[in-house]
Structure formats: structure tokens, C-alpha cells
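Here is the structure we will look at.
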Amino acid sequence: MLVEILACDKSYKLVGQCGDGQAGLTMCLELKPDLLVLDAMLPGLNGVDLLRRLTKRLPGLRVLVFSGHENPIIVRQMLEAGARGFVEKTAGIQEFRKGLATIALGGTYFGPAVASVLRDVVAHPETTGSQDFLTEREREVLQLVAEGHSTKAIASKLGISAKTVDNHRTNLMRKLNIHDIASLTRHALESGLLDNEGRT
């Protein structure tokens with residue numbers, strides 16, 4: 001739906017679209033867009049980790065997060081990663097258009113629900129702890145394990161050996177003080193790495 005809306009708007013030139021985090025990273029680094037609309041929840045590589053990598057490589061990129069997930073942890077992590085704005089999907093298309101236009105002109109924009117969350121984040125910063133003590137690779141492995149991928153599949157996706165995947169999983173469990181896959185999955189859900197609605 002967003003692609004159709006943007007394709008019909010002469011203010012923007014749509015250069016690409018993607019529904020997977022890893023593929024999105026590759027596409028953005030190749031196309032170097034000026035503006036990116038990003039969801040927080042993407043398979044393979046979540047929106048926060050994708051944005052962290054993009055802002056390192058494409059510092060001028062302006063990013064609007066448009067997501068159905070506006071919990072305090074995700075909002076804070078997205079802003080820390082470099083997002084210029086965040087509009088909740090429940091706010092509707094008009095709010096999205098306003099946000100996109102503002103970001104495109106170099107401003108910042110937050111939908112009403114996100115603005116409310118931001119007030120809570122500022123008032124209670126201790127409730128929005130992050131996973132900054134995990135490495136990028138550990139966060140990737142955590143997400144893929146929680147999505148239900150096997151060790152072999154994770155190794156193939158990340159281009160590393162199965163033994164390295166096992167080592168990362170062991171380190172994750174030690175750092176998080178977690179001892180089974182079900183608990184790792186629950187942790188990924190609670191910290192905003194995984195979409196609960198997408199679980200089967």
C-alpha cells in the first residue's frame with residue numbers, strides 16, 4: 001500500500017522496496033537513497049540493527065520509522081540509531097504523509113502515540129534498557145534463533161560456520177543468563193527484536 005501511495009506522489013522517486021532486513025541493508029548500501037521508510041520488525045535483521053548499520057555507512061540518510069510497534073524500548077533504540085521520526089501505523093496515512101514530508105525537508109516528526117511514549121521514555125529512562133552489551137553479530141544470532149532458524153540455516157544466512165553460530169549462542173546465553181531456546185525467544189520478544197504477531 002505504501003509503495004502505491006509513494007509511486008503516485010510526484011514529490012518522491014521510489015528507488016526500491018524490500019521486506020527483509022538483510023536484503024534491505026544490501027539494497028540501501030547499493031542504491032544510497034536520500035530517504036528511507038523503515039519498519040521496526042523485519043525478518044533476518046530487525047529495523048534497529050539495520051538502521052545502526054546504515055547510519056554508519058550512509059550518515060546523510062533520513063529515516064522515518066513507520067511501525068505498528070511503538071513500545072518504549074523500540075522507540076528509544078530507533079532514535080539512538082539515527083531515525084529522524086517515528087509514526088505509528090494506527091495514526092493513518094495522513095499522519096504518515098506529514099511525517100515523511102517533514103523528514104524529507106530535514107525536520108523531525110513523531111506521531112501522537114509515539115510522542116506520548118517519548119514523554120514516558122524521558123520521564124523514566126531506566127525502564128527502556130537496551131541490548132548494547134551484545135555485539136551486532138550476537139543480536140543477529142539472537143533474532144535468527146528466536147525466529148526458529150536452525151544452526152545450519154543461521155550459519156548459511158550469515159556466511160559463518162555452524163561452530164561459530166554455536167559459540168555466539170553460548171555467549172548470548174551466558175551474557176543474558178538464559179539457559180534454553182524458549183527463554184531466548186521470550187527475551188527477543190520482550191526486547192523488541194522479534195514481532196510477536198509474526199510468531200506461529
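As a size descriptor, the averaged projected area of the C-alpha convex hull of segment 1-121 was calculated at 6.6 nm². For the chain, the 222 nm mean residue ellipticity estimated from helices alone, with every DSSP H stretch of n ≥ 4 adding -39500 (n - 2.57) and the total spread over all residues, rounds to -16000 deg cm²/dmol. Suppose the Debye formula is applied to equal point scatterers at every Cα of segment 136-195; what is log10 I(q)/I(0) at q = 0.19, 0.22, 0.26, 0.29 Å⁻¹? Normalising to I(0) and taking log10 leaves -0.59, -0.80, -1.10, -1.33.
Exposure proxy check: LEU176, LEU2 ranked by fewest other beta carbons within 10 Å?
By the 10 Å Cβ count, ascending, the order reads LEU2, LEU176.
A simple spin-label model places pseudo-atoms 7 Å from Cα toward Cβ; at ASN177 and SER116 they are separated by 3.4 nm.
Test of understanding: what is the full-extension gain from ALA101 to TYR12, defined as 0.36 nm times their sequence separation minus their Cα-Cα distance? Please list the in-between numbers first.
Numbers: separation 89, 0.36 × 89 = 32.04 nm, distance 0.96 nm.
Taking 0.36 nm per residue and subtracting the Cα distance, the gain is 31.1 nm.
Taking the Cα centre of the chain as reference, the dipole from Cβ charges on Lys and Arg (+1) and Asp and Glu (-1) amounts to some 500 debye. Compute for segment 26-83: radius of gyration divided by Kirkwood radius, i.e. Rg/Rh, restricted to C-alpha atoms, rounded to two decimals. Rounded to two decimals, Rg/Rh equals 0.93. Proximity of backbone amide H atoms, modeled 1.01 Å from N, is registered between LEU38 and LEU64, VAL65, PHE66 at under 5 Å, excluding neighbours fewer than 5 places apart on the same chain.
Read-outs throughout are calculated quantities, based only on the coordinates presented, and are distinct from any laboratory measurement. This is a predicted model, so every value here is computed, not measured. Note that each Cβ is placed from the backbone with ideal geometry, even for glycine, and that neighbours are counted across all protein chains shown.
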